[in-house]
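First up is the structure itself, then whatever we jot down about it.
Any read-out appearing in this document is the output of simple, stated calculations on the displayed coordinates, not a laboratory observation. What you see is a predicted model, and the numbers here were worked out from it, not measured in a lab. So basically every Cβ, Gly included, is an ideal-geometry build from the backbone, and we count neighbours across all protein chains shown.
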Amino acid sequence: MFDSKVRTLCVVGAQWGDEGKGKLVDVIAEQADWVVRYQGGANAGHTVQIGGRAFVLHQIPSGILHEGVRCAIGNGVVLDPDTLFTEIDELVREGVDVEGRLYVSDRAHLVLPYHKLMDCESAASRTIGTTGRGIGPAYEDKVARRGIRVQDLRHLDRTRALVASGVQHANAQLAGFGSERRADTESTVELLEALAPRLLTLAEDVGLAVHRARQAGAAVLLEGAQGSLLDVDHGTYPFVTSSNTTSGGAAIGAGLAPTSIDAVLGVVKAYTTRVGNGPLPTELDEPMASAVRELGKEFGATTGRPRRCGWYDAVVVRYAARVNGLSGLAVTKLDVLDTLDRIAICTAYECDGDVYEEFPGDLVVLERVVPRYEWFDGWKQSTAGARRLADLPAAARRYLDRVRELAGTAISYVSVGTRRDQIIGLD
Ligand code: IMP
């Protein structure tokens, strides 16, 4: 993906998350010098399969599994310092060399125990079906200008006052939720005092470090989390996460100029999934939903929740192609469809006699739309061993051709299994 023109590449999910970004980032990171996460936090679960081992990375960029690649957590991420160290320690136990090449933006906001408490106790979080990782409350504090940033830990005397104000707000919220649970300043300060020395060794002005690396010719991969339809502005609001998951958020969240992004790769599954509540126009009925869920092992990497499954939705992907400025698509999990007799692609929605070829912003419409499907014969043979486009059955190639045509975006990769080598590069 990197060449003389493309030095900074952004990888985004073009559906509702869980598209297989972890695997794509892992494959592309082989050619990268830096991999930067730019939004979200421990709500993400990027699974990378190496040999017989599955690594699930929540906050650390998937590039960490490549020796020598520098990895950074950008200012746009809300960082849970406690679980960051659990993740680092697990990687080190698995023989992955982490420290010395992992950087954390000194401007990143912290997710503290009271954010997780608020996320778990609020009825609004339950309605949305959040991951309970404190993401929404931490971003709320950031925007309300009462957040605590990594660099605040350099001044622990000031931090105590910030924590006290965060706790006071959290407790007022918890009381408003009707919860009897309360946050506590002392234990939060103690946690931060314990974590600060180790966290500060990772703290860096990530935007500046990546800028300098770019000037020296480095290949930089910006790793998105969640998916475009979970973007707080462009997604199915309010059933979204609290950050800008799309490529526009990459510049802000990595601390780079928008003009520094040379290309954007959108990752899509060959079908659609969503975890949590909110509209999913192509959602399958039983027993097909369970069949696809089992075939695709569609259970959340972070929460273990069963994912809702649907046919490939070209309206969604065309929309994602537009708002992200996609320069290429990576179609993942094609092999999951190998045994199906018939496969559908949604090309438009219908609602009250109107036809929607563009993704509507109105949730009331979205909840009622009926997908218009185009049907394809299944290929009924394994694609898991395919390494070139020509290895794929003709029916699978027809399916992919239609995906490309409807997205108006070239396909750069097709993934046919969880392993690193189960990928077809089309550039
Ligand atoms: P939050 O990000 O935990 O606030 O959850 C908000 C919504 O985003 C919920 O519907 C979650 O299920 C969804 N979500 C958050 N992170 C992910 C992810 O990594 N993959 C898929 N869905 C996610």
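Quick notes
- Prolate/oblate/rounded label for segment 244-342 (Cα gyration tensor, a/c 1.5): prolate
- Lys297 paired with Arg181, simple spin-label distance in nm, labels 7 Å along Cα-to-beta-carbon: 3.1
- In a reduced charge model with +1 at each Lys and Arg Cβ and -1 at each Asp and Glu Cβ, segment 14-171 shows a dipole moment near 540 debye about its Cα centre.
- Amide H contacts under 5 Å for Phe299: Arg307, restricted to partners 5 or more places along the chain or on a different chain, H placed in the peptide plane at 1.01 Å from N.
- Segment 45-62-segment 121-194 distance, computed between alpha-carbon centres (Å): 28
- In sequence order, calculated HN-Hα J values of segment 219-230 (Karplus, 6.51, -1.76, 1.60; Hz; x Gly/Pro): 8, 10, 10, 9, 9, x, 10, 6, x, 4, 7, 9
- Partners for Lys269 among lysines (Cα-Cα distance below 27 Å; same-chain residues under 8 apart left out): Lys21, Lys23, Lys297, Lys333, Lys380
- Student exercise, the chain dipole from Lys, Arg, Asp, Glu Cβ charges, in Debye to nearest 20: 480
- Summarised in one figure, the compactness ratio Rg/Rh of segment 109-200, Cα atoms and Kirkwood Rh, is 0.97.
- For segment 234-247, 3J(HN,Hα) per residue [Karplus equation, 6.51 cos²θ - 1.76 cosθ + 1.60, θ = phi - 60°, Hz, x = Gly/Pro]: 9, x, 7, 4, x, 7, 9, 8, 9, 10, 8, 7, 7, 4
- Highest mean packing comes first when the peptides 34-43, 402-411 are listed by Cβ atoms within 10 Å, giving 34-43, 402-411.
- With the convex hull of the Cα atoms taken as the outline of the chain, the averaged projected area works out to 20.3 nm².
- Note, ³J(HN,Hα) from phi for segment 291-297, Karplus 6.51, -1.76, 1.60, rounded to Hz, x at Gly and Pro: 4, 5, 4, 5, 4, x, 6
- If the chain linking Ser165 and Val364 were pulled fully straight, counting 0.36 nm for each residue of separation and taking away their Cα-Cα distance, it would gain 67.8 nm.
- Site pair Glu374 and Ala395 shows an inter-label distance of 1.7 nm when each label is modelled 7 Å from Cα along Cα→Cβ.
- For Ile423, the residues whose amide H sits under 5 Å from its own are Val416, ignoring neighbours fewer than 5 places away on the same chain, with H placed 1.01 Å from N.
- Think of segment 285-407 as having a plus end and a minus end, set by charges on the Cβ of Lys, Arg, Asp and Glu; of Val331, Gly310, Val403, Val331 sits farthest toward the positive end of this dipole.
- Placing unit charges on each Cβ (+1 for Lys and Arg, -1 for Asp and Glu) gives segment 226-302 a dipole about its Cα centre, and among Val268, Phe239, Ala289 the Cα reaching farthest toward its positive end belongs to Val268.
- Electrostatic dipole magnitude of segment 109-200 [Cβ: Lys, Arg +1; Asp, Glu -1; Cα centre; debye, to 20]: 300
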